[in-house]
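Worksheet for the structure shown next.
The values are calculated or read from the model by the stated rules, or taken from the named source; none is laboratory data. Note that the coordinates shown come from a computational prediction; the quantities given were computed from them, not determined experimentally. Positions of Cβ are generated from backbone atoms using ideal geometry, with glycine treated the same way; all protein chains shown enter the neighbour counts. We work out accessible area using only protein heavy atoms, side chains counted, and drop any ligands, DNA or RNA first. Shrake-Rupley method; radii C 1.70, N 1.55, O 1.52, S 1.80 Å.
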Amino acid sequence: MVEISTEEKLKERLKELTCLYDISKTIAQKELPSELILKEICENLKIAWRFSSESIVELKINNFYYTTSDLPQEAMFQISEIDLFDKQSGFVKVLYPVNDAFYFLDEEQRLLNKVASEIGAYIEKNIHKEKEKQFQRSVERVDRLSILGEITAGIAHELNTPLGNILGFAELIKEQNIEKQVSQDVSKIINAAIYSREIVKKLMFFSCEMPQNMEVVLIKPIIVDALSLLGPSFKKAEVSFQLSFDNPDLKAQIDNIQLTQVLFNIVLNSIYVAPKNTVITVEVYSDATDFYIEIGDEGTGIPEEIKSKIFEPFFTTKPIGEGSGLGLSVVHGIIKSHRGDIIALNNQPNGTVFQVRLPLNS
């Protein structure tokens, strides 16, 4: 242990207290980015050491790394671990170049431990705040979707009857008509009515107004049949698919038709964005409680700024006339009604992977 004079001890103690005060002031600056605050903490800490002109502070916490200057090839150091939620997540270290004239004090180690604790508490608080913000955004989104669901259900019910009448009378006119031009015009009316009826069906799926028929069924035949029905779409786009199962005999309690609807909407989106001569992968695997379907394409991917919007109704990046913006919102509604969830992940090296999680037993 190094002996120093009482005056030097007081001097060092004053530096330590000043350091802690400066760090608390730095942390209180809520308008500053967290990275800048951590850098300022390191600079404040450097000054508190006995040989401050030679000291170097090194900080690593999660993905953040910073040093007050370049590290020497050989160094002596003091270190304190930083814990986040009772788990070691990094360290703060004070170093000197190897030199007989330099030494550390026990008080400095105690100060380093205190600063490590302050850094951990600061980051934990930031993580809590971010989680609270995310939760608030999630609650607001659920509220909006709930209101929209009620409005949508009402619109769908109101449109069903007139659309049925339009379609029925148009088909009757077509049967009785003998003029070519009238027949062509009526065909356009029929096609428009059928398209509108499909939109209404999607609205009803979104608002969970479609009845469910939950049964324990084999999953593989449903997926194989859905991909087979999409064969012409794959061929037209010059895209292929690759299907893999970790358990071909996997069974789950689901609505067969609604799962097919989910597969259709996601795979058609993947085909739409997939470049020619690429492969869309469909992987199915399970654990003790859930099964997962991952559908990956090699397209351009989904920009981060719109990832939170892609499951909202009427949101689409497709040109006008090519998409209603209801496909993924229908998927989201069906999966939620099955007590599952869906997320969009980045594919490697390019594209998007939609991961669907559904419980084995509803």
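Put a dot 7 Å past the Cα of Leu84, heading toward its Cβ, do the same for Asn113, and the two dots end up 2.3 nm apart.
Measuring against 30 Å, Cα to Cα, the residue pairs Lys114/Lys307; Lys30/Lys87; Lys25/Lys93; Lys188/Lys236; Lys276/Lys336; Lys39/Lys131 contain Lys114/Lys307; Lys276/Lys336 as the ones spanning a longer distance. Solvent-accessible area per residue in the range 215-359 equals 49 Å², computed with a 1.4 angstrom probe and all protein chains kept. Full extension of the segment from Leu243 to Ile166, taken as 0.36 nm per residue of separation minus the current Cα-Cα distance, would add 23.5 nm. Relative contact order of the range 6-135, taken over Cα pairs closer than 8 Å and 6 or more residues apart, is 20 percent. Extension gain for Phe135 to Met214 (0.36 nm times residue separation, less C-alpha to C-alpha distance): 25.4 nm.
For a Förster distance of 51 Å, can you work out the FRET efficiency between the beta-carbons of Val98 and Gln348, rounded to the nearest 0.05?
Details: r = 43 Å, r/R0 = 0.85.
Calculated value: 0.75.
Tally up the carbon and sulfur contribution to the accessible surface of the range 215-359 as a whole percent, 1.4 Å probe, everything protein left in place.
54 percent
The phi-based Karplus calculation (6.51 cos²θ - 1.76 cosθ + 1.60; θ = phi - 60°) puts the 3J(HN,Hα) values of the range 85-97 at 6, 6, 10, 4, 10, x, 7, 10, 9, 10, 10, 10, x Hz, whole numbers, x for Gly and Pro. With a simple spin-label model that places each label point 7 Å from the Cα along the Cα-to-Cβ direction, the separation between Thr18 and Ile47 comes to 0.6 nm.
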